[in-house]
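The values are calculated or read from the model by the stated rules, or taken from the named source; none is laboratory data. Keep in mind it's a predicted model, so treat the numbers as computed, not measured. Note: ideal-geometry Cβ built from the backbone for every residue, glycine included; neighbour counts use all protein chains shown.
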Amino acid sequence: MDLKSKLNPKRFINRNKIPVEELEPVKCQNCDYEFKGHFCPNCGQEVAEFNRPFGFVLYDFAGNFFAFDTRFFRTFKYLLFRPGFLTAEFFQGRRMRYSPPFRIFVFLSFILFLLLQSLTERTLDAVPELKVSDSSKQKKLKNGLVLNADIVLENDSVASMNPDSLAMFPIGAKDTIQPDPDELNIDLSIFGDENTRESLLKLADQFQGKLDNTADPEKRKQYSSYIAMFRAPEMVISNVMKYMSWAFFILLPLFALVLKLFYIRRDQLYIRHLLFSIHLHSYLFFILILVVILKLFFESGTTVINLALLLSFPLYFVLAMRKFYGQSWGKVVMKFIGISFIYNVMLWATVIFVFAKSIGLS
């Protein structure tokens, strides 16, 4: 066979359309087994020619990994509009009709975190909608207390706040406060005039000044960490995306374990709850993908749509539990409340840990 025939695109696209009976016998290069077909019946290796244009290799890889065929689109249809159906079908033995559950989850997670990366990086080049007043750095509160803050909202909402709720700010019972030079006294009024990236660079310069004026090893380490974070926010974003993607792979089996505990009387194997968890998280990721896409293409006017999309998840969760576990509505709702509470605690603990890890606080 000449080189032109070997590189003919039709040869690669139509190779699976030839009936097995008309194929020439081939010998498997892996185990030397002779057979007719596209896959060796002895070891399973595919009879594929990889000495071909890269585009066709990439096409085959995408097709094999993501399975963009009728199964793929059928799977998505049932995933979105028939909660719990795919999980039930899987354990009723009808698996070849649909794409593998974990493959769908990996595909959606890849798309979601790719879009989130794009959205967060675009935010760095946007000007935050933050209104500040340059007329004063202090705001006099009730009882003669003064809030020593570097950013003040233009409205007078601060004046009506309860001083007890402002314990996080340095407050003293006198008209003015002489700040300790070692205290974290940062001018946040830089935000709002420029894009976030430029504002973070100015914030890094402020911390650089503090770093130059302190000899405390702990504070020097802390300020150095802030400087690196503000001067290279892309690294922080990349770390957050990386840790969050791995965190969800850990949350999948943990959520399945919670389901196992709530349905422990049914004596069901753990794998049933794990598959349910994968399908449920796949739907969640699809909803989040839609929310991020709307945020990327529309700056405003999507609040109601986003809210409706996010509120569809608890409804989907309840319907999926009802379909797959088959209990009464009362039991389903009660278990939904308990499972949701535990899962939200795990989720927020994970998010806090991821952000702390990403900025070097843990």
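Before moving on, here are some points about what is shown:
Each row is one residue, and each column tells you yes or no for (1) part of a helix (DSSP H, G or I); (2) at pLDDT 80 or above; (3) of a type in the set (S, T, N, Q).
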site: Met1; (1), (2), (3): no, no, no
site: Cys43; (1), (2), (3): no, yes, no
site: Phe68; (1), (2), (3): no, no, no
site: Phe76; (1), (2), (3): yes, yes, no
site: Leu79; (1), (2), (3): yes, yes, no
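- With respect to the conditions (1) in a helix (DSSP H, G or I); (2) in contact with a Lys or Arg (Cβ under 8 Å, 6 or more places away or on another chain), Gln268 falls short on a single one, namely (1).
- Restricting the stretch 244-262 to residues that are aromatic (Phe, Trp, Tyr) and surrounded by fewer than 17 Cβ atoms within 10 Å (Cβ to Cβ) leaves a set whose member that is nearest to Ser118 (Cα to Cα) is Trp246.
- Of all residues in the stretch 214-233, at least one satisfies being surrounded by fewer than 15 Cβ atoms within 10 Å (Cβ to Cβ) and over 25 Å from Phe353 (Cα atoms).
- Within the stretch 294-307, being more than 16 Å from Leu116 (Cβ to Cβ) and either in a helix (DSSP H, G or I) or in contact (Cβ under 8 Å) with a residue 12 or more places away in the chain (or both) holds for Thr303, Val304, Ile305, Leu307.
- Among residues of the stretch 81-125, those that are part of a helix (DSSP H, G or I) and among the basic types (Lys, Arg), counted: 2
- Check on Ala215, part of a helix (DSSP H, G or I) and either at pLDDT below 75 or over 22 Å from the mean Cα position of the chain (by Cα) (or both): no
- Complete set of residues in the stretch 241-265 that are in contact with a Lys or Arg (Cβ under 9 Å, 6 or more places away or on another chain), touching a residue at least 40 places away in the same chain (Cβ under 8 Å) and of a type outside the set (A, V, I, L, M, F, W, C): Tyr243, Tyr263
- Search result, residues across the stretch 308-329 that are part of a helix (DSSP H, G or I), farther than 18 Å from Tyr343 by Cα and in contact with a helix residue (DSSP H, G or I) (Cβ under 8 Å, 6 or more places away or on another chain): Leu309, Arg322, Lys323, Phe324, Tyr325, Trp329
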